[in-house]
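Laboratory data are not the source of any read-out in this text; all were calculated from the coordinates shown. Note that the coordinates shown come from a computational prediction; the quantities given were computed from them, not determined experimentally. Here the Cβ positions follow ideal geometry from the backbone for every residue, glycine too, while neighbour counts run over all protein chains shown.
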Amino acid sequence: MSNSLLRIEHLTKVYRIGSIIGGTKITAVDDVSFEINGSEIFTLAGESGCGKTTIAKIVLGFEDVTRGEVYYSGKRIDNLKKRSEIFEEIQAVFQNPFTTFNPLRRVESYFYDTLKNFEISKSKEEATAIITEKLKTVGIEFDEFYHKYPSEFSGGQLQRISIAKSLLTNPKLLVADEPVSMVDASLRMSIVNLFKKLEELGISILYITHDLMTAYYLGGRIAIMFRGNIVETGSTERVLSEPKHPYTQLLKESIPQPDPKKKWSTRIKLSDLEEVEYVSTGCKFAGRCPYAMDICRKERPPYFDVNGSKVMCYLYK
Ligand SMILES: Nc1ncnc2c1ncn2[C@@H]1O[C@H](COP(=O)(O)OP(=O)(O)OP(=O)(O)O)[C@@H](O)[C@H]1O
Ligand SMILES: [Mg+2]
């Protein structure tokens, strides 16, 4: 596709957990490919530990790849030594805005520093004008923001402020990892609406979530992940209204509750079934799938086209 902004090809990330001797390896991301176009929302969804954050970290350059390639605007970026060339164009929105800002520092200092460090503005007046404009995009007035500490804002306000900060460098892609899970349910939709507005302004968003409701509302395209694989991908509307993969069907019924305090380090002990799923040569979902056939346990299914979606499941052969 000519409009491709981010392209991921056969991405694999293997982590070693435990000691070098008695430890195990986990394929956190297993042969994942997808593409995000300009001005598009693309969602990664799936249960805890399926590899969403690992993909986000790789796209942001925080983590090396084990195998595979990442392209941005047609240029390979996973092997870049100097990330600064594209740093301004890909920005992150983190889960907890309170950890983005130092509680003892006034929030505006981050904005002025960013504009200065990136040489985006030449004077304080120019910087203030840019900050005012970016805050306006997220629905916040400069006066209600200026000279305040992070604790003086609500979680929803601070998340919008952190998004405004990400916009300072005029990024083309925002990587938003669970950006609403720490925000009050009543304020969540205002952030989700903001993402829709940013998409209209020409910004693409890699949206990562447990929450299928917000994913559905955002639209665009979605990839459902299970144990490092994308098991189903297509238009969000179609995938969530008529899920084809047995795992997507289960996920839709059981919408798992996100636990923002849970980090990978706290769930490093995997159940026996989970361990088997990570290393399975067949379909990783076969152990739980009500429709599993012999072939599912032996060979990883390829993707089958089903009404415009791609589904990694032999049911659609
Ligand atoms: N630095 C690391 N070292 C070892 N294992 C890791 C590391 N980071 C992630 N993992 C493991 O890789 C797998 C994928 O983790 P990842 O954080 O990408 O999942 P996730 O989909 O973002 O989950 P969640 O929804 O809980 O945020 C998990 O099994 C996790 O334990
Ligand atoms: Mg995560």
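Some notes on this structure:
- Cα-based Rg / Dmax (Å) for segment 45-181: 16.1, 48
- Eigenvalues of the alpha-carbon gyration tensor of segment 1-41, scaled by 5 and square-rooted, set the equivalent ellipsoid semi-axes at 33, 8, 6 angstrom, largest first.
- In a reduced charge model with +1 at each Lys and Arg Cβ and -1 at each Asp and Glu Cβ, segment 89-243 shows a dipole moment near 180 debye about its Cα centre.
- Each residue of segment 1-123 gets 166 Å³ once the volume of the Cα convex hull is shared out per residue.
- Shape of segment 82-123, Cα gyration tensor, a/c cut at 1.5: oblate
- Ratio of Rg to Rh over the chain (Cα coordinates, Kirkwood Rh, two decimals): 0.99
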